[in-house]
């Protein structure tokens, strides 16, 4: 007869996550998560990474999920702690990043007395995805497996498990579970055949690709399919969660942000959706339709979360596309010479970074000022990966870089980051230092919320008033990013000219450990 | 015939808030709030204060509401922006602070298309209080009046109004509204008479006071009432939203944080609740009851949100208490001499600050390390006000100090602040600099989450393991608070000994504008 081994509910939960291949936990725990802290301490297979703010935990889990294509854990404290992580979970939801949030709750018998920290955790968590709540100490392992199925399901997403503190610390029997199977959605032959007819038809068509189609194979397949059509072009969704770019990959164009430009780019063409959602204006503007393409002009190749790569392979086959023979045309390089003493501006920053980019770099871009320019400028340089802000909740960049660096420790990570957004989650710099991550943060320090000033001008305020400047300028006093980085343990430098940036990039991109460069412009 | 004057829905809303006496807006707007930004720009009666993170907006509104006893506005961007403010709204909800949150939503016709930034704003906002949503451009003025009634109602609290962007910018007729009346809850004669019988009875009784009873008059009334009882003592609730302390006010004891100590302090006595809630353990611990006093031992003098001061006056009258003749007994001063070169520790910090306290100071305390010690040490010094963290969501202190300083520009504000908590909302320092606020931030830099280490020891981990230290120490690298403050535009100094702190307090408490002192201990 075997002896029954007993351990805590928290130990059982962590054993189950290890069994599921989970090996990172971004943690900012409190008193109701201490049994999970002890269980993580006893489980060296999981790397527990302390973050000093919950938005860093969740943004890091998003970056990790995008690169590893499997979930990390987050560990946050009750409703208010979790609430601090919602903004970046919103981005993760839009990115279809797999994430499992663990939240300790009050002891199951204690909540009814409404202690100070009690709030409606479930209501908060439901706004970003699946929510489960453990109902007994013995269920914790099965509960986290269910959360994993939700996170890795079709489509992938954010799953939150709420675990009362008494269930974490109660003793339960040790047992093992087989890894759950994930259902797969088969590709629909009718959808493929319909798309093939549209591609072969003489009408203008756009193959709008997104999600998992943005790997090298997906982009090459899409370009090859378009080459077989008479008037078919490929376009990339507005804010990709992750896209592979650079040498060997066709330099495809991206759907513009402002709806007037997006409408012009789409030009009334029919649209085949391959991993992308139907294009919608980012905000609602008077006189501009919400739907950038009418519903009856759209054909969906594969439903959300379906296997888009398999569908593109089937479509390429249906139209006899020749992927091997694809000639990758390059965007012409801008030839305007950068003068060494020129002050920095978005275009020069984009170009200098593209020129200095190390092979295999992961570039997390946030903010309007330089990101689009860099996307275009780097189309033809060394192969690299770009992660963008999918949901518009700002403060993604610095934590997302943390997660990407932990998922891919052998690749350089660059965070091309606007200053306004970085201030929401600057605490991520400390985690970069603590974990000695290979992240270079490039702060575009233009000392304003540039997008808001642009929108105020679009709304007719040609001369920004003092009040409008007061609410959109990050000055009086200026933010000193070199001091902030040093305060959080990251070496930092300030640059103002093209020459200074080029020289500094040459150094920092070859250095180990985190660095920050404030690019005043 | 009068000409009908037309202005935007946002203008009408801001005119209504001005009519209600609202004159401050803590703002971190986005594209869907720009019509409100323009309306604020055109309404100089409202001071628009830019905050670089939404948790600063809401924490500042909490501090403002506690001191001014009327609401400030917050202005945040859609669901993810608002979500960043929830933690401090949780504290505000527990403090019964009046606050009106304005959130711009997508244009009313645009949300259905699920643009990237859409999420369930109403579900998020419902977790912290009243929620309204404007249903037409013409309703904005009336909607914000309804929000004001909710914020200033019985009890006061957090009210959130969601305003679609198209309603903000639509033209509406100008018109004025009378200020709404607020209903008042009369004091119950039966409740007063019942309390009087308990006070006069020989059984041990505690008059547990909180909320609006913590003004000087309320505390003097409570002490006078207790003096008429045979075995009646007064005790202050665990985490007061606001309490007046110092010379002329009885130095009353406070309900301890840890439940074992709280149970001992209550000693099985009957309890009369006067503005305080029934005492409940902060967290649930095995073998300790959630209710620190059984329900049948509790008498409620006045229901939540009722006029507790009026009730205490009636009770004093019923027991013939003589408030004029109250002799205020003082807690004996600790006489252990502080040596100049002693390193700093919580007790010495508390005493040095109490000794240096300027008259009329508002002291925002957050964190376990020094706050309780200061509360006791300063009982007999100059009159001052203390604001504590009512809900346990950390990151309250720096923004709360912003709000208190704006509500009371002639009073010095001191933020006695633990380092771990301060990192959640350090962006508040920039707003202190931008608005030239008279705030001195004293960072207790012990470089750890002290409360978690204490709870781990309570849970049996006598020697903290490396993993446990990794998740509870704010070191490797150390946070450099002097650099962080300078990065955000605030002058800062680091001190390590009693002499250095005493000298520095002598300087910074007499200086204009914000300062930060890192107290390494």
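Quick look at the values:
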{"read-out": "Number of the exception - residue A:109 against (1) without any contact (Cβ under 8 Å) to a residue 60 or more places away in the chain; (2) surrounded by 24 or more Cβ atoms within 10 Å (Cβ to Cβ); (3) assigned to a loop (DSSP other than H, G, I, E, B)", "value": "(2)"}
{"read-out": "Output for the range A:396-420, where each listed residue is within 14 Å of chain B (Cβ to nearest Cβ) and either under 18 Å from residue A:512 (Cα atoms) or surrounded by fewer than 23 Cβ atoms within 10 Å (Cβ to Cβ) (or both)", "value": "A:398"}
{"read-out": "Qualifying residues in the range B:102-117 (those that are in contact with a helix residue (DSSP H, G or I) (Cβ under 9 Å, 6 or more places away or on another chain) and facing another protein chain (nearest Cβ under 7 Å)) - the one farthest from residue B:15 (Cα to Cα)", "value": "B:116"}
{"read-out": "So residue A:393, is it modelled with pLDDT of 95 or more, more than 10 Å from every other protein chain (Cβ to nearest Cβ) and either out of contact with any strand residue (DSSP E or B) (no Cβ under 6 Å at 6 or more places or on another chain) or under 24 Å from residue B:478 (Cβ atoms) (or both)", "value": "no"}
{"read-out": "The range A:458-503, residues that are free of Cβ contacts under 8 Å to residues at least 12 places away in the same chain, more than 26 Å from residue A:56 (Cα to Cα) and in contact with a helix residue (DSSP H, G or I) (Cβ under 7 Å, 6 or more places away or on another chain)", "value": "A:459, A:461, A:464, A:465, A:467, A:476"}
{"read-out": "So residue A:220, is it under 25 Å from the mean Cα position of the chain (by Cα), away from chain B (no Cβ under 14 Å) and either surrounded by fewer than 23 Cβ atoms within 10 Å (Cβ to Cβ) or closer than 15 Å to residue A:274 by Cβ (or both)", "value": "yes"}
{"read-out": "Scan of the range B:149-174 for residues that are more than 12 Å from chain A (Cβ to nearest Cβ), assigned to a helix (DSSP H, G or I) and in contact (Cβ under 8 Å) with a residue 60 or more places away in the chain, ordered by number", "value": "B:151"}
{"read-out": "Criterion: at pLDDT 95 or above and either closer than 24 Å to residue B:476 by Cα or at the interface with chain B (Cβ under 10 Å from one of its Cβ atoms) (or both) - qualifying residue of A:428, A:378, A:354, A:361", "value": "A:428"}
{"read-out": "Conditions (1) within 23 Å of the chain's Cα centre (by Cα); (2) surrounded by fewer than 24 Cβ atoms within 10 Å (Cβ to Cβ); number of the one not met by residue A:160", "value": "(2)"}
{"read-out": "Counted residues, the range B:118-148 - those being within 13 Å of chain A (Cβ to nearest Cβ), surrounded by fewer than 22 Cβ atoms within 10 Å (Cβ to Cβ), assigned to a loop (DSSP other than H, G, I, E, B) and at negative phi", "value": "2"}
{"read-out": "Filter pass, residue A:303 being on the phi < 0 side of the Ramachandran plot, assigned to a loop (DSSP other than H, G, I, E, B) and more than 14 Å from every other protein chain (Cβ to nearest Cβ)", "value": "yes"}
{"read-out": "Residue count for the range A:231-251, restricted to those that are under 18 Å from residue A:199 (Cα atoms) and surrounded by fewer than 20 Cβ atoms within 10 Å (Cβ to Cβ)", "value": "2"}
{"read-out": "Matching entry among B:10, B:45, B:39 (being under 20 Å from residue B:141 (Cα atoms), part of a loop (DSSP other than H, G, I, E, B), within 13 Å of chain A (Cβ to nearest Cβ) and in contact (Cβ under 8 Å) with a residue 12 or more places away in the chain)", "value": "B:45"}
{"read-out": "Residue list for the range A:76-96, filter: within 19 Å of the chain's Cα centre (by Cα) and facing chain B (nearest Cβ under 7 Å)", "value": "A:83, A:84, A:86, A:87, A:90, A:94"}
{"read-out": "Residue match in the range A:359-367 (condition: within 24 Å of residue A:246 (Cα to Cα) and over 19 Å from the mean Cα position of the chain (by Cα))", "value": "yes"}
{"read-out": "Candidates A:52, A:73, filtered to the one that is assigned to a loop (DSSP other than H, G, I, E, B) and either under 16 Å from residue A:398 (Cα atoms) or within 25 Å of the chain's Cα centre (by Cα) (or both)", "value": "A:52"}
{"read-out": "Condition check for residue A:20: surrounded by 24 or more Cβ atoms within 10 Å (Cβ to Cβ), at negative phi and more than 9 Å from every other protein chain (Cβ to nearest Cβ)", "value": "no"}
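The values are calculated or read from the model by the stated rules, or taken from the named source; none is laboratory data. Just so it is clear, the structure is predicted and the values come from calculations on it, not from any experiment. Positions of Cβ are backbone-derived with ideal geometry, glycine not excepted, and every protein chain shown enters the neighbour counts.
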